[in-house]
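Enquirer: Please see the structure below; I have some questions.
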Amino acid sequence: MDGHDSEDTKQSTADMTAFVQNLLQQMQTRFQTMSDSIITKIDDMGGRINELEQSINDLRAEMGVEGTPPASKSSDEPKTPASST
């Protein structure tokens, strides 16, 4: 019986190994899909931000304030003179 039990244990170990490998492959595939989706959404957001920035610049040019830095009314920015960056 020891030979039979040993054979069952080897088969069980092989089955578990195959199961874990399959599970890890599925997880990797899902992670890659999610990662690709996130990257695509970030790229889309970047494009929208660029379009928004261009629209703002176009509006500022129409108003004749193209050379003026944008006015910041944000209270969380320190009120210091603009640095030469």
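All of the numbers you see were taken from the coordinates with simple rules; none came from a lab. Bear in mind the structure is a predicted one, so any value in this text is a computation, not a measurement. Here the Cβ positions follow ideal geometry from the backbone for every residue, glycine too, while neighbour counts run over all protein chains shown.
Enquirer: Please report the net charge: other residues with Cβ closer than 12 Å to the Cβ of SER37, K and R +1, D and E -1. Intermediate values should be presented prior to the final figure.
Expert: Numbers: positive: ARG30, LYS41; negative: ASP36, ASP43, ASP44.
Taking every other residue near SER37 into account, the sum is -1.
Enquirer: Could you derive backbone 3J(HN,Hα) for the range 35-45 from the dihedral phi with the Karplus parameters 6.51, -1.76 and 1.60 (θ = phi - 60°), listing whole Hz in sequence and x where the residue is Gly or Pro?
Expert: Each residue of the range 35-45 in turn: 4, 4, 5, 5, 4, 4, 5, 5, 4, 4, 4 Hz.
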